[in-house]
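This report concerns only the one structure given below.
Any read-out appearing in this document is the output of simple, stated calculations on the displayed coordinates, not a laboratory observation. Quantities reported herein were computed from a predicted structural model and do not represent experimental measurements. We place every Cβ from the backbone using ideal geometry, glycine too, and count neighbours over all the protein chains shown.
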Amino acid sequence: MARLAAMKYQKIVLLGYMGCGKSTVGKLLAQNLQIPFYDLDQLIEEEIGGPLSTYFQKQGELKFRALEHQLFEKTLAQPQTMVLALGGGTPCYYDHMDTLSRTPGLLSIYLQLPLGTLTDRLFKERAHRPLIADIAQHSQLLEFVGKHLFERTPYYKKATLELALGEASPEAVVQKILAKLA
């Protein structure tokens, strides 16, 4: 039933700050809908043949964002139905949110988590995240994430749908999304 209801959307795009669960939720959602899942960060890693963190450090953010934009456009141009998880910063560069809102048959969903929850999650995995790998103190990370959220939230809020996740499990988030699609 949910799969058929979702077919009014050719593409479901998940966005939100890093660590909010876009990839985890995206995979589960795609499985439930029996459609392909793509993670923009993984597509970039496949393109560059290595980890994002290395590319980001060697090439810098501007080159990274240009490549991200190119793969964002290429992925959205594919005619197939899909779930796509964006990188945390993707909505804030170029005109990505306008592109999402102009794309027919596309549902964008902002997965929102409270600042404290994001900071706790990210502190544990910061070594694998190029933007925060060098932040050693939890309090510094809290300030960094808070500033970023302040800057990025206006972009995120342009999504078609906003889901406040709280402490919901990925499975519960998928059920919330499927209920919205029905």
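So which residues in the stretch 134-161 are in a loop (DSSP other than H, G, I, E, B) and among the hydroxyl-bearing types (Ser, Thr, Tyr), if there are any at all? The answer is Thr160, and nothing else. Of the residues making up the stretch 107-165, those that are within 14 Å of the chain's Cα centre (by Cα) and aromatic (Phe, Trp, Tyr) are Tyr110, Tyr155, Tyr156. Using beta carbons and a limit of 6 Å, which pairs, at least six apart or on different chains, have the first residue in the stretch 70-95 and under 24 Å from Arg126 (Cα atoms) and the second one among the hydrophobic types (A, V, I, L, M, F, W, C) and in a strand (DSSP E or B)? Pairs found: Leu84/Val13; Ala85/Leu14; Leu86/Leu15; Pro91/Leu15. Residues of the stretch 44-60 that are touching a residue at least 12 places away in the same chain (Cβ under 8 Å), within 19 Å of the chain's Cα centre (by Cα) and surrounded by fewer than 16 Cβ atoms within 10 Å (Cβ to Cβ): Glu47, Ser53. How about the stretch 11-41: which of its residues are hydroxyl-bearing (Ser, Thr, Tyr) and within 23 Å of Phe123 (Cβ to Cβ)? Correct list: Tyr17, Ser23, Thr24.
Taken over the stretch 109-122, residues that are touching a Lys or Arg at 6+ places or on another chain (Cβ under 8 Å) and of a type in the set (Ser, Thr, Tyr) amount to 1. Only residues that are over 17 Å from Phe56 (Cα atoms) and either touching a helix residue (DSSP H, G or I) at 6+ places or on another chain (Cβ under 9 Å) or not in a helix (DSSP H, G or I) (or both) were counted in the stretch 114-133, giving 8.
Before we move on, is Ile109 of a type outside the set (Ser, Thr, Tyr), surrounded by 15 or more Cβ atoms within 10 Å (Cβ to Cβ) and farther than 26 Å from Gln10 by Cα? No, not satisfied.
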